[in-house]
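J.: This is the structure I have questions about; it appears just below.
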Amino acid sequence: MKKFLAMILVLCLVLAGCSGTEEEAPESEISESSSEAEAPAETEQVEIVFWNVFADDSDTGVFLADAATKFMADNPDIKVTIVGQGGYDDIVERLEAAAASKSLPTMAIIEETFLGRFYPLTVDLSQYLDPAVVENYQDGLMVSCYYDGVLRAVPFNRSMPNLYVNKTLFDNAGITEIPDTWDEVYTTAEALTDPEKGVYGFGVCWDTDAWIYESILYSFGGEIVSEDNKTILLNQDSTAADILTKFQDEADAGVFFNPYIYQDNVWSTIGSAFLDGKVAMFLGSNGVYSMYKGWMADAGYEMEIYPHPGFENGIATGAGNIVMFADATEEQRAAAAKFIEYLATDDVAGAYTVLTGYLPTTETCVNQADLAAFIEANPDYVNAISQMQYAHRRPLTSAWKSIYTALTDEIAYCMTYTDTDAAASITTVSEQAQVLLNDATALAAG
């Protein structure tokens, strides 16, 4: 276990897909990368400022800074300033403050659902990006990039939950079939559970913004918010409560590993259990695929990812999209569009997926040499790519952060105290969420 101590310290920063905990800058840290290509003295540069959610020294932060440096070498008339602004929640707070003080950056990465808060401040990207570039983005990743039919964002570091499998534990148990449905997950998890060795068949964590629970709900055919973002559908039938009740029962039976009973970060706890060979399966972001693949190999385990159970009914996507703000000048908008297009080139987009495991954002980048070789060496990664077509729309309301905070608190409580009435909890949070949604709707109406 000692060999994993260093890993465990950073698990809470890298495992979650949607919550902004994937290699982000610390909350108190605002960093600025000033690596710029020298421009000829007679050339007047246009500066674009790009706020992001990565630490300068993280793999993703270094990649973005290097991409900006290479871009500027080919475009000496453009200066790209990369500024880390903490995690997804942190950058939202700073963007709101910047909007109030009229000091917004040219562009920024925001978690996809926050488009519901910022779309009035953003430009229609279809007016600035090459139509061929827009057409090349993966359809599934574009589901939450439009607001009222207008292209307000494009994908960058995007992920979906996949079923992470410790193949070694499967082989040791003589299990050859990977579960496709939730019923199969339950039976397979029971077969994998070994109390004497402290092995659990499955592990559960909702994440800090409940996107894992949200995705599971979609996979069962459930909904949270109506398409017009005016009605909470969480309690329209028993699906949401039934999921919680089943997971509570499986945790009580010792089949599901339940990190909520420990006084620690839940992602760190479940992550270390998986790395230590104590959890055979869990749902996690493919945004950490490359990292986990290496860590599990170092630990002596073979790891593979498989499709999200029930994915045909729809599953959530997560993590970051790029938006451009309307405060930017026309010159800055044109320069920012050029940089966005550069990030969508096959070489850049393909290399980013290889580095991180984040989804390939474009259709053609999967043919890029490095990514093609990566997929050939890791054929299970195709299971991340293939399920993008089943991406479910995400809630795009300005109230979503308040709603998911209430939801996360309630469902976490249900797992912490597994005798909690799940149906009553879902009713309570649904009523709270509808009030929040009504207030947001009234505010939007003026």
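What follows draws every value from the coordinates through simple rules; no lab data is involved. Quick caveat: nothing in here was measured; it's all calculated off a predicted structure. Every residue, glycine among them, receives a Cβ derived from its backbone with ideal geometry; neighbour counts consider all protein chains shown.
J.: I need the phi-derived Karplus couplings for the range 391-397: 6.51 cos²θ - 1.76 cosθ + 1.60, θ = phi - 60°, integer Hz, Gly and Pro marked x.
T.: Karplus-based 3J(HN,Hα) across the range 391-397 equals 4, 8, 4, 9, x, 10, 10 Hz.
J.: Using a Förster distance of 41 Å, how high is the FRET efficiency between Gln127 and Arg393, based on the Cβ-Cβ distance and rounded to 0.05?
T.: 0.95
J.: What is the fewest-to-most order of Lys338, Lys70 by other Cβ atoms lying within 10 Å of their Cβ?
T.: Lowest to highest Cβ neighbour count: Lys70, Lys338.
J.: Report the one residue of Ala337, Gln368, Thr416 whose Cα lies farthest in the direction of the positive end of the charge dipole of the range 317-446 (charges on C-beta: Lys and Arg +1, Asp and Glu -1; origin at the Cα centre).
T.: Most positive-ward Cα: Ala337.
J.: Tell me, what ³J(HN,Hα) does each residue in the range 333-345 have, in order and in whole Hz, if you take phi through Karplus 6.51 cos²θ - 1.76 cosθ + 1.60 with θ = phi - 60° and put x for Gly and Pro?
T.: Per-residue couplings from phi come out as 4, 5, 5, 5, 4, 5, 5, 4, 4, 5, 5, 8, 5 Hz.
J.: Now a separate question. For the chain, what does the relative contact order come out to in percent, with C-alpha contacts under 8 Å and a separation of six or more?
T.: It rounds to 24 percent for the chain.
J.: Here is a follow-up. Taking other Cβ within 10 Å of each residue's Cβ, how do Trp206, Trp182 sort, fewest first? Don't skip to the end; give the middle numbers.
T.: Numbers: Trp206 27, Trp182 14.
Taking fewest neighbouring Cβ atoms as first place, the list is Trp182, Trp206.
J.: Another one. Measure up Lys293/Lys401; Lys79/Lys102; Lys246/Lys293; Lys79/Lys401 against 24 Å on the Cα-Cα distance and list the ones that go over. Mind dumping the intermediate values first?
T.: Numbers: Lys293/Lys401 32 Å; Lys79/Lys102 21 Å; Lys246/Lys293 30 Å; Lys79/Lys401 34 Å.
Table pairs above 24 Å Cα-Cα are Lys293/Lys401; Lys246/Lys293; Lys79/Lys401.
J.: When the chain is treated as a GNM, springs tying every alpha-carbon pair under 10 Å, which of Pro360, Pro161, Pro76 comes out with the largest mean-square fluctuation?
T.: Answer for the Gaussian network model of the chain: Pro76.
J.: List the residues whose amide H sits under 5 Å from the amide H of Glu304, counting only those 5 or more places along or on another chain, with H placed 1.01 Å from N in the peptide plane.
T.: Sorted by chain and number, the residues that satisfy this are Val165, Lys167.
J.: Oh, and also: How long is the gain from Thr364 to Asp180 if the chain were fully straight, where each residue apart is worth 0.36 nm and the alpha carbon distance is subtracted?
T.: Length gained between Thr364 and Asp180: 63.4 nm.
J.: What is the extension gain from Ala445 to Asp249, computed as 0.36 nm multiplied by their sequence separation minus the C-alpha to C-alpha distance, in nm to one decimal?
T.: Roughly 66.2 nm would be gained on extension.
J.: What's the long-distance tail for the range 164-224, i.e. % of Cα pairs beyond 20 Å? Mind dumping the intermediate values first?
T.: Numbers: 654 of 1830 pairs.
In whole percent, the share of Cα-Cα pairs in the range 164-224 beyond 20 Å is 36.
J.: Show me, for the range 74-79, the HN-Hα J-couplings you get by feeding each phi into the Karplus relation (A = 6.51, B = -1.76, C = 1.60, θ = phi - 60°), rounded to Hz, glycine and proline as x.
T.: 8, 9, x, 8, 10, 10
J.: May I ask you to give the average projected area over all directions of the convex hull of the Cα atoms of the range 258-410, in nm² rounded to one decimal?
T.: 12.0 nm²
J.: Viscosity 0.692 mPa s, temperature 37 °C: what is the translational diffusion coefficient of the range 371-446 from Stokes-Einstein with a Kirkwood Rh over Cα pairs, rounded to a whole number of µm²/s?
T.: Translational diffusion coefficient: 210 µm²/s.
J.: Please find, in a Gaussian network model of the chain (springs between Cα atoms separated by less than 10 Å), the residue of Gln236, Gln389, Gln263 whose mean-square fluctuation is greatest.
T.: Top of the fluctuation ranking is Gln263.
J.: Against the globular-protein guess of 2.2 N^0.38 Å, express the Cα radius of gyration of the range 290-348 as a ratio, rounded to two decimals.
T.: 1.85
J.: Once the dipole of the chain is set up with Lys and Arg at +1 and Asp and Glu at -1 on Cβ about the Cα centre, which of Phe54, Val225, Val266 lies farthest towards its positive end?
T.: Val266
J.: For the chain, what is the convex hull volume of its Cα atoms per residue in Å³?
T.: So the per-residue Cα hull volume is 138 Å³.
J.: Additional query: Length gain on complete extension for the stretch Thr231 to Val382, per 0.36 nm per residue less the alpha carbon to alpha carbon distance?
T.: On the way: separation 151, 0.36 × 151 = 54.36 nm, distance 3.58 nm.
Gain on stretching Thr231 to Val382: 50.8 nm.
J.: Can you divide the C-alpha Rg of the range 123-229 by 2.2 N^0.38 Å and report the result to two decimal places?
T.: 1.51
J.: Skipping prolines and chain starts, which residues have an amide H placed within reach, meaning under 5 Å, of the one on Val279, given they are 5 or more residues away or on another chain?
T.: Tyr200, Phe274
J.: Now for a different question. When a footprinting reagent is the concern and you count Cβ atoms within 10 Å, what order do Ser226, Ser101, Ser272, Ser425 take, fewest first? Mind showing how you got there, number by number?
T.: On the way: Ser226 14, Ser101 8, Ser272 22, Ser425 19.
If I rank by nearby Cβ atoms, fewest first, I get Ser101, Ser226, Ser425, Ser272.
J.: If you don't mind, there's one more thing I want to ask. At 222 nm, what helix-only mean residue ellipticity would the chain give, in deg cm²/dmol to the nearest 500, using -39500 (n - 2.57) for each DSSP H run of four or more?
T.: Helix-only estimate at 222 nm: -13000 deg cm²/dmol.
J.: Okay, next question. Considering Cα pairs under 8 angstrom that are at least six residues apart, work out the relative contact order of the range 227-301 and quote it in whole percent.
T.: 16 percent
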